[in-house]
Amino acid sequence: QVQLVESGGGLVQPGGSLRLSCTASGSIFSINTMGWYRQAPGEQRELVATITRGGSQNSADSVKGRFTISRDNAKNTVYLQMNSLKFEDTAVYYCHAVIRRSFRSSEYNYWGQGTQVSVSS
């Protein structure tokens, strides 16, 4: 089994900061892309940022310059540093990883359970 466990969500005022963490554990051979998605009430899930094993990054225009994604390959962990938070950043944030469980297996998508980020005054 593979699990993605997120932490770091919470309530913050506009302009504040939060740091999300997500650690993958279980039967893992290798992890390719890791990333963060978010889903606000009544909205579709959307990409926030992704990072490959080699460090190549992609992020939504709405978070560029405010959010930074990073990862620690040795710890199977991805981070999302969120600065200058806005009301519209309020959402459930989901960790995602593309994982190969053995040398011969295919890669599969895995998701965390989600962590709530609320930006409110």
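The values are calculated or read from the model by the stated rules, or taken from the named source; none is laboratory data. Everything quoted here is computed from the prediction, not taken from an experiment. Cβ placement follows ideal geometry from the backbone for every residue including glycine, while neighbour counts extend to all protein chains displayed. Surface accessibility is based on the protein's heavy atoms, side chains included, excluding ligands, DNA and RNA. Shrake-Rupley method; radii C 1.70, N 1.55, O 1.52, S 1.80 Å.
Being in contact with a Gly (Cβ under 8 Å, 6 or more places away or on another chain) and of a type in the set (D, E, K, R) is a property that residue 46 lacks.
Considering each residue of region 41-62, count those that are outside any loop (DSSP other than H, G, I, E, B) and either more than 22 Å from residue 23 (Cα to Cα) or open to solvent by 50 Å² or more (accessible area, probe 1.4 Å) (or both), and give that number. Give the derivation first.
Restricting attention to region 41-62, the residues satisfying the condition of being outside any loop (DSSP other than H, G, I, E, B) are 46-51, 57-59.
Cutting the leftovers down to either more than 22 Å from residue 23 (Cα to Cα) or open to solvent by 50 Å² or more (accessible area, probe 1.4 Å) (or both) gives us 46-47, 57-58.
The total comes to 4.
Considering region 98-114, and only residues there that are in contact (Cβ under 8 Å) with a residue 24 or more places away in the chain and under 14 Å from the mean Cα position of the chain (by Cα), the residue that is surrounded by the fewest Cβ atoms within 10 Å (Cβ to Cβ) turns out to be 113.
Taking the options 19, 38, name whichever one is among the charged types (D, E, K, R), open to solvent by less than 40 Å² (accessible area, probe 1.4 Å) and part of a strand (DSSP E or B). Result: 38 is the single residue among 19, 38 that is among the charged types (D, E, K, R), open to solvent by less than 40 Å² (accessible area, probe 1.4 Å) and part of a strand (DSSP E or B).
Does any residue of region 66-73 turn out to be surrounded by 21 or more Cβ atoms within 10 Å (Cβ to Cβ) and touching a residue at least 40 places away in the same chain (Cβ under 8 Å)? Within region 66-73 (the criterion being surrounded by 21 or more Cβ atoms within 10 Å (Cβ to Cβ) and touching a residue at least 40 places away in the same chain (Cβ under 8 Å)), the answer is no, since none of the residues qualifies. Examine region 74-91 for a residue that is of a type outside the set (Ser, Thr, Tyr), exposed (fewer than 13 other Cβ atoms within 10 Å of the Cβ) and over 15 Å from residue 116 (Cα atoms), and state whether such a residue exists. Checked against the condition, which is being of a type outside the set (Ser, Thr, Tyr), exposed (fewer than 13 other Cβ atoms within 10 Å of the Cβ) and over 15 Å from residue 116 (Cα atoms), region 74-91 yields at least one hit. Within the set 27, 21, the sole residue that is closer than 12 Å to residue 110 by Cβ and among the hydroxyl-bearing types (Ser, Thr, Tyr) turns out to be 27.
Taking every residue in region 8-28 that is within 16 Å of residue 77 (Cα to Cα) and among the hydroxyl-bearing types (Ser, Thr, Tyr) and pairing it with any residue that is open to solvent by 30 Å² or more (accessible area, probe 1.4 Å) and not in a loop (DSSP other than H, G, I, E, B), at least 6 positions away or on another chain, the pairs with Cβ-Cβ distances below 7 Å are 21/7; 21/79; 23/5; 23/75; 25/3. Just one of the listed residues (52, 23, 115) is touching a Leu at 6+ places or on another chain (Cβ under 7 Å) and of a type in the set (S, T, N, Q), and it is 115.
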